[in-house]
Every structure is written in C-alpha cells, then in structure tokens.
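Okay, structure first, notes after.
The values are calculated or read from the model by the stated rules, or taken from the named source; none is laboratory data. Please read all numbers here as calculations on a predicted model, not as lab measurements. Note: ideal-geometry Cβ built from the backbone for every residue, glycine included; neighbour counts use all protein chains shown.
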Amino acid sequence: MFKRLAILFFAAMLPVLAYSAANSAEPAKIVAFGDSLMAGYGLSPGESFPEKLEQSLQQKGHDVVISGAGVSGDTSTGGLQRLDWSVPDDTDLVILELGANDMLRGIAPSITRSNLDEMITKLRDREIDVLLVGMLAAPNLGPDYAEAFNPIYPELANEYGLPFYPFFLDGVAAQPQLLLGDGMHPNADGVDRIVEGILPLVEAQLKK
C-alpha cells in the first residue's frame with residue numbers, strides 16, 4: 001500500500017518538477033562583439049543588430065539575452081584589448097564581427113588575422129562558443145589587398161571549425177535603400193536583412 005502511494009505521489013509531482021526546472025533555467029547569453037555595425041551606428045533605440053536579433057529569436061521561442069558590445073571605430077587590435085572585460089564568463093556565444101575598420105584604414109591583413117586568431121583562442125579557452133562574421137575588402141583597395149584580406153575569415157572558420165557567416169553586409173552593401181546616407185552602415189531595413197540572413201546560424205548554435 002505504501003509503495004503504491006509513493007508511486008502515485010511521485011507521478012503527481014513530475015509535472016511540477018518539470019515546470020520548476022524549465023522556469024529556473026537561465027536564458028542563453030549571447031554577446032554581439034564588434035564595431036559600429038554591432039553598435040547600431042546612426043540608428044534609433046531598438047533598431048540595432050543585437051536588439052533586432054534578440055527580438056527575432058525570442059519571437060521564435062528562444063529564451064535568449066543578447067548584449068551589444070560594439071564600439072564604433074574599433075579595430076581588431078582594439079577588440080583584442082577589451083575582449084576579456086567585454087565578454088562575461090557566463091557567456092554562451094560570441095558573435096565576433098571585427099576587421100572592417102582595419103580594412104578601411106589599410107592595416108596589414110596579417111595583423112587583422114593575428115588579432116582575430118587570438119580572440120578566438122581566448123574565447124575557446126574560456127569555453128565560449130564563437131560565431132565568426134566575415135568582411136570583404138572594399139574594391140578601391142585593389143586586388144592585392146583583397147587577396148590578402150578576404151581569405152582571413154573563411155580560413156579561420158575552417159581552422160577552428162566555427163559556424164561562419166561570410167559577409168555581415170550580405171544583401172545590404174551597395175543597396176542604397178538599405179543603407180544610411182554614408183553608404184556604409186545599414187539602416188533599420190538593412191539590419192532586418194542582416195538578421196534574416198544570420199538567424200538560422202544563431203538558431204543552430206542555440207539548439208546545440
């Protein structure tokens with residue numbers, strides 16, 4: 001009799017325990033780490049990439065919090081210098097987007113590569129996953145620079161086995177209706193296009 005009552009009691013408690021576990025789980029924590037493209041340069045509150053990505057993920061049922069760690073004008077060297085204190089230890093995933101300002105300033109691609117390599121290594125040593133976002137050299141820099149700069153991202157992604165979004169401005173670059181007046185930064189509609197493109201990769205990481 002006692003055994004039967006115990007079984008009935010635990011059976012009744014299972015839904016309560018499951019509900020409690022589900023509601024005590026911490027949300028996935030993502031840091032969007034980069035330059036003005038992550039900082040939401042020229043955009044109104046709620047229109048930046050981290051904010052719109054978080055909203056899209058939550059609308060699809062993901063329990064996630066995204067912190068924006070973008071600094072306008074930042075280079076890969078600046079990113080490396082602030083990485084440790086910009087990314088908390090309880091971060092699950094870093095979306096790493098840096099190198100555009102290196103390219104615009106004509107910094108040697110070898111420096112950009114070395115900095116990104118070190119950032120990836122540091123994050124992996126802390127058991128933080130990385131989604132690498134690529135950049136492409138502007139055509140006016142010439143074919144030699146592009147030949148050295150453009151392969152940085154796919155090669156690092158391949159070397160470390162990282163999820164990889166090849167070009168942050170894919171579908172947005174050179175599209176005036178999706179850019180601010182400077183012709184470089186995405187407007188709110190441009191951010192929507194970027195979020196749409198990268199969303200499946202981020203979802204895949206969350207499902208892991």
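Table for the structure above
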quantity	calculated
Flag if Ser110 is over 15 Å from Gly34 (Cβ atoms), free of Cβ contacts under 8 Å to residues at least 40 places away in the same chain, surrounded by 14 or more Cβ atoms within 10 Å (Cβ to Cβ) and of a type in the set (Ser, Thr, Tyr)	no
First in the range 173-198 and under 12 Å from Leu37 (Cα atoms) and modelled with pLDDT of 95 or more, second anywhere and among the β-branched types (Val, Ile, Thr) and assigned to a loop (DSSP other than H, G, I, E, B), Cβ under 6 Å, 6 or more apart	Pro186/Val172; Gly190/Val172
Looking only at the range 37-65, and only at residues there that are out of contact with any helix residue (DSSP H, G or I) (no Cβ under 8 Å at 6 or more places or on another chain) and either acidic (Asp, Glu) or crowded, with 21+ Cβ neighbours inside 10 Å (or both), the one that is nearest to Ile198 (Cα to Cα)	Glu54
One residue from Arg113, Arg126, Arg105, Arg193 being of a type in the set (Lys, Arg) and more than 19 Å from the chain's Cα centre (by Cα)	Arg105
The one condition in (1) closer than 23 Å to Asp189 by Cα; (2) outside any helix (DSSP H, G or I); (3) polar (S, T, N, Q) that Thr91 fails to fulfil	(1)
Failed item, numbered, when Phe10 is tested on (1) at pLDDT below 50; (2) buried (at least 17 other Cβ atoms within 10 Å of the Cβ)	(2)
Close pairs (7 angstrom Cβ cut-off, 6 or more residues apart or separate chains): in contact (Cβ under 8 Å) with a residue 60 or more places away in the chain and more than 19 Å from Ala157 (Cα to Cα) in the range 70-98, surrounded by fewer than 21 Cβ atoms within 10 Å (Cβ to Cβ) and of a type in the set (A, V, I, L, M, F, W, C) anywhere	Thr91/Ile128
Every residue from the range 172-208 that is assigned to a loop (DSSP other than H, G, I, E, B) and more than 17 Å from Leu132 (Cα to Cα)	Val172, Ala173, Ala174, Gln175, Leu180, Gly181, Asp182, Gly183, Met184, His185, Asn187
Residue within the range 148-158 that is assigned to a loop (DSSP other than H, G, I, E, B) and under 17 Å from Met103 (Cα atoms) present	yes
